[in-house]
1. Obtain the nm distance between the two label points defined at N66 and I53 by a simple spin-label model: each point lies 7 Å from its Cα along the Cα-to-C-beta direction.
2. So for L54, L20, L106, what's the accessible-area order with a 1.4 Å probe, most first?
3. Which order do I81, I111, I41 take by accessible area at a 1.4 Å probe, largest first?
4. Which length gain, in nm to one decimal place, applies between L22 and Q117 when the Cα-Cα distance is subtracted from 0.36 nm times their residue separation?
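The values are calculated or read from the model by the stated rules, or taken from the named source; none is laboratory data. All values reported here derive from a predicted model rather than from experimental measurement. Here Cβ is always computed from backbone atoms with ideal geometry, including for glycine, and neighbour counts include all displayed protein chains. Just the protein is used for accessible areas: all its heavy atoms, side chains included, with ligands, DNA and RNA removed. Shrake-Rupley method; radii C 1.70, N 1.55, O 1.52, S 1.80 Å.
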Amino acid sequence: TPILIKISSIILFATAILSLLLSFIAFSFSGFGGTGFNQAIILVIVAVVLAVILVMVGIAIWKGRNWARIISLILTGVWSIFWIIQVTGSNHRDVTNIYFLLPGFLAFIFILSSFFQNNCKLFFGNQK
């Protein structure tokens, strides 16, 4: 397995862990004692689902599955676009959105650049 693929997988694992951590922190400060569904609960549910998907894709990338390469680019790209919209549309003094943007955006840039390296393309092309 090329080193760039290993690093890309690790970035996906770290993004999953950070997503869970930050969403649980947001949940804990949201005043969740009220009744009903609030945004913090939805955020935690989405973060758990995203984390599971990112871990599964990270494992598949490590094994050289081409479908995982495509899904990781889509997921990290959508994640980045979503948080860029959040950051530009929110109060610019609020830096919490940047904490959610940076991990996925950095993962997207790294994964995008690493997957177009010749040795990485060969790695995914040779795996069945």
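1. The answer from the label model is 2.2 nm.
2. On the way: L54 5, L20 50, L106 105 Å².
If we order L54, L20, L106 from most to least accessible, we get L106, L20, L54.
3. On the way: I81 105, I111 0, I41 40 Å².
Output order, biggest surface exposure first: I81, I41, I111.
4. Values: separation 95, 0.36 × 95 = 34.20 nm, distance 3.19 nm.
The span from L22 to Q117 would gain 31.0 nm if fully extended.
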